[in-house]
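A short write-up of the structure that comes next.
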Amino acid sequence: QVQLVESGGGLVQAGGSLRLSCAASGTTFSIDPMGWYRQAPGKQRDLVATIRRGGTTNYADSVKGRFTISRDNAKNTVYLQMDSLKPEDTAVYYCWGIFMRSYWGQGTQVTVSS
């Protein structure tokens, strides 16, 4: 059974940085693609960024230039470096990946204070 486990959320002031990590377990095959979604209170879950095994990335317009997604293929791990954080980035961030079907992590809270 594939599991995705996130870490790295927390509370930060506006303009600060956080780095999220997500490690996949339960398979030796590549989880591809992998990525991050987020869900603010009362809102739908939205795409933040995705990355393919070969390095192709895709970002939501709202985070372009501020967030950077990367991955370690050998570890089936994906990272999200978040810089210049804004209060509107406050949400639960979910790791996502595909291996025969979609998998989701349990979510990690990111709170940006103004």
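Suppose we filter the stretch 98-114 for residues that are more than 10 Å from the chain's Cα centre (by Cα) and in a strand (DSSP E or B); how many remain?
Number satisfying all stated conditions: 9.
Of the residues that sit in the stretch 82-104 and are surrounded by 18 or more Cβ atoms within 10 Å (Cβ to Cβ) and among the small types (Gly, Ala, Ser), which one is nearest to Met34 (Cα to Cα)?
Per the stated criteria, the residue is Gly97.
I need the full set of residues from the stretch 8-43 which are closer than 23 Å to Thr56 by Cα and of a type in the set (A, V, I, L, M), in order please.
Leu18, Leu20, Ala23, Ala24, Ile31, Met34
Mind checking which strands (runs of 3 or more DSSP E) fall wholly inside the stretch 1-81 and carry at least 1 residues that are on the phi < 0 side of the Ramachandran plot, open to solvent by less than 50 Å² (accessible area, probe 1.4 Å) and β-branched (Val, Ile, Thr)?
10-13, 45-51, 67-72
Among Ser102, Ser21, Ser30, which is the only one that is closer than 22 Å to Gln1 by Cα and either modelled with pLDDT under 95 or of a type in the set (Asp, Glu) (or both)?
Ser30
The values are calculated or read from the model by the stated rules, or taken from the named source; none is laboratory data. Everything numeric in this text was worked out from a predicted model, so none of it was measured. Cβ atoms come from the backbone with ideal geometry, glycine included; neighbour counts cover every protein chain shown. These area figures cover heavy atoms from the full protein model, side chains too; ligands, DNA and RNA do not enter into them. Shrake-Rupley method; radii C 1.70, N 1.55, O 1.52, S 1.80 Å.
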